[in-house]
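No lab work stands behind these numbers, since they all come straight from the coordinates. Because the structure is a prediction, the values reported are computed rather than measured. Positions of Cβ are backbone-derived with ideal geometry, glycine not excepted, and every protein chain shown enters the neighbour counts.
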């Protein structure tokens with residue numbers, strides 16, 4: 001799991017003073033897990049605890065979905081449910097690359 005603090009500065013309509021917003025980002029959803037081996041029940045529990053903690057602290061968060069970790073035969077529904085919990089809690093989901101290619105090394109084709 002990669003966590004990055006994302007800082008954004010913007011101006012709200014009718015307000016000339018910039019508003020600063022910081023969010024935590026999580027890489028490789030739907031699994032919030034540090035280890036390579038994934039026990040679905042354990043990950044579901046950890047995801048619920050993470051969402052609860054973020055909500056308790058009113059911490060904005062953005063999760064980036066890795067499709068390779070989403071499309072696993074026999075677990076797609078359970079993995080999609082984890083993402084739905086994330087969205088239902090008011091957090092943002094973003095798209096991630098499928099397999100972490102080096103985008104600078106890719107050729108047009």
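Once both labels are positioned 7 Å from their Cα atoms along Cα-to-Cβ, the gap between residue 71 and residue 53 label points is 3.2 nm. Extension gain for residue 78-residue 22 works out to 17.2 nm (0.36 nm per residue, less the C-alpha to C-alpha distance).
Cα convex hull, region 21-95: 84 Å³ per residue, rounded to a whole number.
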